[in-house]
Amino acid sequence: MASIKVACVVLICMVMVGAAPIAQAITCGQVVSNLTPCITYLQRGGAVPGQCCNGVKTLVSSAQTTADKQTACNCLKSTAATIPNINFGNAGSLPGKCGVNLPYKISPSTNCASIKF
């Protein structure tokens, strides 16, 4: 009987060690890092740099949970407000130009808490 209990504990430990790690929540630092290559486009327009679209796509694929999406939205909103000469028309067109869909508008007036994901 004791050997069965030990075998069960060993099995549980093996399953726990082999389990996939829990995904980490997205941070504002990650959002900013991914979108830094987009600053020139956001200010001046023109062609969207490839690195910018890569960052946008990485961000969209990284933000999978509602909490992640709200964090990304809040970070985009607060960071956009600090970029001098940002053109919010360019910001709004960026997801479409990179072939992704965001369920919110990148704007200082966006209420990220009310967005349904």
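The values are calculated or read from the model by the stated rules, or taken from the named source; none is laboratory data. Values in this document were obtained by computation on a predicted structure and should not be read as measured data. Counting neighbours? That spans all protein chains shown, and the Cβs are built from the backbone with ideal geometry, glycine included. We work out accessible area using only protein heavy atoms, side chains counted, and drop any ligands, DNA or RNA first. Shrake-Rupley method; radii C 1.70, N 1.55, O 1.52, S 1.80 Å.
Residue-wise HN-Hα couplings along the range 34-48, as the Karplus relation 6.51 cos²θ - 1.76 cosθ + 1.60 with θ = phi - 60° gives them from phi, are 5, 9, 4, x, 8, 4, 4, 4, 4, 8, 10, x, x, 6, 7 Hz; Gly and Pro carry x. Of the peptides 100-108, 77-85, the ranking by mean beta-carbon count within 10 Å, highest at the top, reads 100-108, 77-85. When Val48, Val56 are compared by accessible area of protein heavy atoms, the largest-first order is Val48, Val56, using a 1.4 Å probe. Pop out the carbon and sulfur fraction of the accessible area of the range 69-117 as a percent, whole number, probe 1.4 Å. So the carbon and sulfur contribution to the accessible surface is 50 percent.
Its alpha carbons considered, the range 26-114 gives a radius of gyration followed by a Dmax of 11.7, 33 Å.
Return a whole-number percent for the relative contact order of the range 26-114, with Cα pairs under 8 Å and 6 or more residues apart as the contact set.
Across the range 26-114, relative contact order equals 34 percent.
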